[in-house]
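The values are calculated or read from the model by the stated rules, or taken from the named source; none is laboratory data. If you're wondering where the values come from, they're calculated on a predicted model, not measured in any experiment. Note that each Cβ is placed from the backbone with ideal geometry, even for glycine, and that neighbours are counted across all protein chains shown. For accessibility, only protein heavy atoms count, side chains too; no ligands or nucleic acids. Shrake-Rupley method; radii C 1.70, N 1.55, O 1.52, S 1.80 Å.
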Amino acid sequence: MTLRQAQGPDPRLSINQATIKYADLATALRITAEAGVQGIGLWREPVNEVGLDVAARMLADSGLRFTTHCRGGFFTLPDGPERRAALDDNRRAIEETAALAAAGADGSTAVLVLVAGGLPEGSRDLSGARERVRDAIGALAADAQAAGVTLAIEPLHPMFGSDRCVVSTLGQALDIAADFAPEVVGVAVDTFHIWWDPQVLDQIARAGREGRIATYQVCDWATPLPADVLLSRHYPGDGIIDFGSLTSAVVATGYDRDIEVEIFNADIWATDPAEAVRRTAESFAAAVSPHLP
């Protein structure tokens, strides 16, 4: 056991609520705080189950920092009622993010993670879908700025390009973000989605120069992938991702915020959530903490 492990969870660790998917909001806040973890990233569905005002009070009472809100986005549809409804839903997500960040402990960050959305049914127009992502962010930028919220474009691994996210690389996300002020539109750097990219270290450095790293999220990649590839994330250290090079690159940009562990894995979801938090803290300390200042 290292000295850092003996002293408790890394102070920069944040538990993304997806890691303990089946814990309700009260349970997620309680077990995260009881484990000595200082930050949590929340998801909209558990927040909306109790209502925003109640969720904000619960978060304030927990003493935890709020690190991100997941998720906005899914706006690749062409103009019409569904696209307008998606934009309105994103505006509500912006309001939620601002309220929760205000309720969190000192050091909380008002970051709304955006998953762009996949190709509309029957479409093969990938370029057009990406342009609609840019247009949608343009439609939301003033709302985000007024609320003090950063929209974090999260590129997803290319295997999700058809159904979840047409933005597949950090470079593509940064190209979209470049039209906007960095405090309004940034990027989410998630190891699971970008580890494979031969340009990833250069693009992390670029994101740092442009002041656009809104959040750093970590989990691991291992094969074979399950039938549902969405559920293929693992604890840091249980796969093949080089957390040393990626974390060092992020640190070199000056990023000094919390780091979230976000895991989608049926076996992990089936374990006791307190055990999952404990195991997350342990794996973070072993795989990520050695590369932090």
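For the reader, a short list of remarks on this structure follows.
- Search result, residues across the stretch 247-272 that are open to solvent by 10 Å² or more (accessible area, probe 1.4 Å) and either assigned to a helix (DSSP H, G or I) or at pLDDT below 95 (or both): SER248, ALA249, VAL251, ALA252, ALA266, ASP267, ILE268, TRP269, ALA270
- Filtered residue count, the stretch 57-80, keeping only those that are open to solvent by 20 Å² or more (accessible area, probe 1.4 Å) and either closer than 21 Å to ARG134 by Cβ or assigned to a loop (DSSP other than H, G, I, E, B) (or both): 6
- Of all the numbered requirements in (1) of a type in the set (Val, Ile, Thr); (2) open to solvent by less than 10 Å² (accessible area, probe 1.4 Å); (3) over 24 Å from PHE66 (Cα atoms); (4) in contact with a His (Cβ under 9 Å, 6 or more places away or on another chain), VAL229 misses one, and that requirement is (2).
- Residue list for the stretch 201-217, restricted to those being over 26 Å from ASP143 (Cβ atoms) and surrounded by 20 or more Cβ atoms within 10 Å (Cβ to Cβ): GLN203, ILE204
- Conditions (1) open to solvent by less than 10 Å² (accessible area, probe 1.4 Å); (2) outside any helix (DSSP H, G or I); (3) in contact with a helix residue (DSSP H, G or I) (Cβ under 7 Å, 6 or more places away or on another chain); number of the one not met by SER14: (3)
- Counting the residues of the stretch 81-134 that are part of a helix (DSSP H, G or I), acidic (Asp, Glu) and free of Cβ contacts under 8 Å to residues at least 40 places away in the same chain gives 4.
- Residues (open to solvent by less than 40 Å² (accessible area, probe 1.4 Å), farther than 16 Å from ALA285 by Cβ and either touching a Pro at 6+ places or on another chain (Cβ under 8 Å) or not in a loop (DSSP other than H, G, I, E, B) (or both)) located in the stretch 232-246: SER232, ARG233, LEU246
- Index of the failed condition, GLN7 passing every other in (1) within 19 Å of PHE284 (Cβ to Cβ); (2) within 21 Å of the chain's Cα centre (by Cα); (3) polar (S, T, N, Q): (2)
- Sole residue being open to solvent by less than 60 Å² (accessible area, probe 1.4 Å), among the aromatic types (Phe, Trp, Tyr) and under 23 Å from ALA139 (Cβ atoms), chosen from PHE160, PHE180: PHE180
- Among (1) within 21 Å of ALA144 (Cβ to Cβ); (2) surrounded by fewer than 20 Cβ atoms within 10 Å (Cβ to Cβ); (3) β-branched (Val, Ile, Thr), the one test that THR97 misses: (2)
- Flag for LEU42 being crowded, with 23+ Cβ neighbours inside 10 Å, in a helix (DSSP H, G or I) and modelled with pLDDT of 95 or more: no
- Of the residues making up the stretch 210-229, those that are hydrophobic (A, V, I, L, M, F, W, C), in contact (Cβ under 8 Å) with a residue 40 or more places away in the chain and either touching a Lys or Arg at 6+ places or on another chain (Cβ under 9 Å) or closer than 27 Å to ALA178 by Cα (or both) are ILE213, ALA214, VAL218, CYS219.
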